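One structure is given here, and the rest of the page talks about it.
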Amino acid sequence: MFFESFAALLAMDGHGPYVWSAYAITLATLIVLVVQPLAAKRRQLRELRGFLRRTEEQ
Amino acid sequence: MWAWFHKWSSPRWFYQLSGRVLPWLAVLSLVSLVVGVIWGLAFVPPDYKQGNSFRIIYIHVPAAAVAMAGYLMMATAGAISLIWRIKLADMVVKCAAPIGAALTFLALVTGAIWGKPTWGTWWVWDARITSVLVLFFLYIGIIALYEAFDNKEAAGRASAILALVGAVNIPIIYWSVEWWYSLHQPASISFTGESSIHPEMLRPLMLTISGFYCFFGWVLLLQVRNEILHRERNTRWVRDLILQR
Amino acid sequence: MHPVRRQRLAIVLLIVAGTAVAAALLGYALRENINLFYPPSDIAAGKAPVGRDIRAGGMVLEGSIKRATDSLQVSFIVTDYQANVPVTYTGILPDLFSEGEGVVVSGQLDDAGLFHADQVLAKHDENYMPPEVSDALEKAKAQSPGQSGTQSKPQY
């Protein structure tokens, strides 16, 4: 590792708040981008299954 | 060639094939992002002038690059949808816009955070930054235009035309730093000559750039597959697919 | 290709070409306004308005920074190695501000040609390297003084 300690990695010679906030915002955005379609798919499959079951019964 | 083209444009065929590619894209993007980010954050030496704030490059440049490349891909899909009236291309336009908007947002925000310690300001209305803001509004405009129509076909056509018109902004973004005096520096990665970023710092950047490309492909496929299921919900193959699970 | 599709392809190409032409015309009409700043040679040539809010950009001339001892007032010269603009500024400077580095100042030009800045931004170039590499480059340059002409063109 380039930094001598974990604390030095967090501080980044004073640039820590900038670097870490940029990475935190990126991480949060990427997680939303993945979780949203996965959740939508689960919801959609559930709805479709219910819809098909109802039409099969008729 | 046309037979191949039409086979690919069949939603059912696409759904089955993309399902096989999906896990590979997910693994590839996660591995290169995690390795590239840890490498860039903790193992690469700092820049001789900017110090550690330069580490933002490992997310800023990939987000901006994929936001622009994604736009070109979306505009191409728009052209295909306009010319051949292929439903799949229309779905790609619709699904790519929110992902592109999110990546453009990231490029703007990480750029602002990077600008404060290096330039001394969060924001400046120079040609590069303003044209990227225009890219963000184009993405938002395409989403809004699509939602404004009740008729899917009209929505697809209108947003495809806007996507095409906006494509002119991409070369403007790319060359803005060469054509005009701007605060933003020219590109560090060169496709033809030597890059002006030290190889030691370039390697993790290449990883995160490819990671963002795979990520874009992964999320786009997830979205398009959802859209296919939704639009084809009354077809036989979707019914079979759901009931056999 | 089907004639209808060929016609649609023509329309698509027309849209792309049309917007490209429109954007080029717009860029041409606004070419001066899209520039973020005036280079010193434009200011020396009298192209920049006096007393209005403008920006000037270039390199900070080596040896030109003079700091006041009792305040945050600082003066320096911005140059593009063809013309010089003297600048005065009171306030905190960005970390990357130093002699021989790029800078963009915003403020007003007075009749005497002195630039009163109310904001100073550091402009860095596209080179990224570790400190050791930069030190090694400096050392190599110092050892072969005859090669100083190989220094790259001014960046702004």
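The values are calculated or read from the model by the stated rules, or taken from the named source; none is laboratory data. Just so you know, these numbers come straight off a predicted model, no measurement behind them. In this analysis, Cβ positions are derived from the backbone assuming ideal geometry, glycine residues included, and neighbour counts consider all displayed protein chains.
One table, with the values for the structure above:
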{"quantity": "Matching strands (runs of 3 or more DSSP E) fully within region C:16-110 where at least 3 residues are among the β-branched types (Val, Ile, Thr)", "calculated": "C:73-79, C:84-90, C:102-109"}
{"quantity": "Residues of region A:16-58 satisfying the condition of being at the interface with chain B (Cβ under 9 Å from one of its Cβ atoms) and not in a helix (DSSP H, G or I)", "calculated": "none"}
{"quantity": "Count of region C:83-95 residues which are crowded, with 18+ Cβ neighbours inside 10 Å and either out of contact with any Gly (no Cβ under 8 Å at 6 or more places or on another chain) or away from chain B (no Cβ under 12 Å) (or both)", "calculated": "3"}
{"quantity": "Failed item, numbered, when residue B:52 is tested on (1) away from chain C (no Cβ under 12 Å); (2) surrounded by 22 or more Cβ atoms within 10 Å (Cβ to Cβ)", "calculated": "(1)"}
{"quantity": "Members of region B:86-121 found to be under 18 Å from residue B:50 (Cα atoms), without any contact (Cβ under 8 Å) to a residue 40 or more places away in the chain and more than 11 Å from chain C (Cβ to nearest Cβ), listed by number", "calculated": "B:112"}
{"quantity": "Residue list for region B:181-212, restricted to those being within 7 Å of chain C (Cβ to nearest Cβ) and in a helix (DSSP H, G or I)", "calculated": "B:200, B:201"}
{"quantity": "Conditions (1) surrounded by 22 or more Cβ atoms within 10 Å (Cβ to Cβ); (2) closer than 30 Å to residue C:36 by Cβ; (3) modelled with pLDDT under 95; number of the one not met by residue B:116", "calculated": "(1)"}
{"quantity": "Residues of region C:96-120 that turn out to be within 18 Å of residue C:47 (Cβ to Cβ), aliphatic (A, V, I, L, M) and either surrounded by fewer than 17 Cβ atoms within 10 Å (Cβ to Cβ) or more than 9 Å from every other protein chain (Cβ to nearest Cβ) (or both), as a count", "calculated": "4"}
{"quantity": "Conditions (1) farther than 19 Å from residue B:94 by Cα; (2) within 11 Å of chain A (Cβ to nearest Cβ); (3) surrounded by fewer than 23 Cβ atoms within 10 Å (Cβ to Cβ); (4) in contact (Cβ under 8 Å) with a residue 12 or more places away in the chain: number failed by residue B:232", "calculated": "(1)"}
{"quantity": "Enumeration of residues in region B:19-49 that are among the small types (Gly, Ala, Ser), touching a residue at least 40 places away in the same chain (Cβ under 8 Å), away from chain C (no Cβ under 12 Å) and farther than 12 Å from residue B:214 by Cβ", "calculated": "B:19"}
{"quantity": "Where a residue in region C:46-69 is closer than 25 Å to residue C:124 by Cα and its partner, wherever it lies, is outside any loop (DSSP other than H, G, I, E, B) and aromatic (Phe, Trp, Tyr), with Cβ under 6 Å and at least six apart", "calculated": "C:48/C:38; C:56/C:38; C:56/C:115; C:60/C:76; C:64/C:76; C:65/C:76"}
{"quantity": "Which listed residue, of B:64, B:79, is buried (at least 22 other Cβ atoms within 10 Å of the Cβ) and under 9 Å from the mean Cα position of the chain (by Cα)", "calculated": "B:64"}
{"quantity": "Any chance residue B:241 is buried (at least 17 other Cβ atoms within 10 Å of the Cβ), at pLDDT below 90 and assigned to a helix (DSSP H, G or I)", "calculated": "yes"}
{"quantity": "Residues within region B:133-156 that are within 12 Å of another protein chain (Cβ to nearest Cβ) and buried (at least 18 other Cβ atoms within 10 Å of the Cβ), tallied", "calculated": "1"}
{"quantity": "Options C:125, C:95, C:135; residue that is modelled with pLDDT under 90, within 13 Å of the chain's Cα centre (by Cα) and either closer than 24 Å to residue B:52 by Cβ or of a type outside the set (Asp, Glu) (or both)", "calculated": "C:125"}
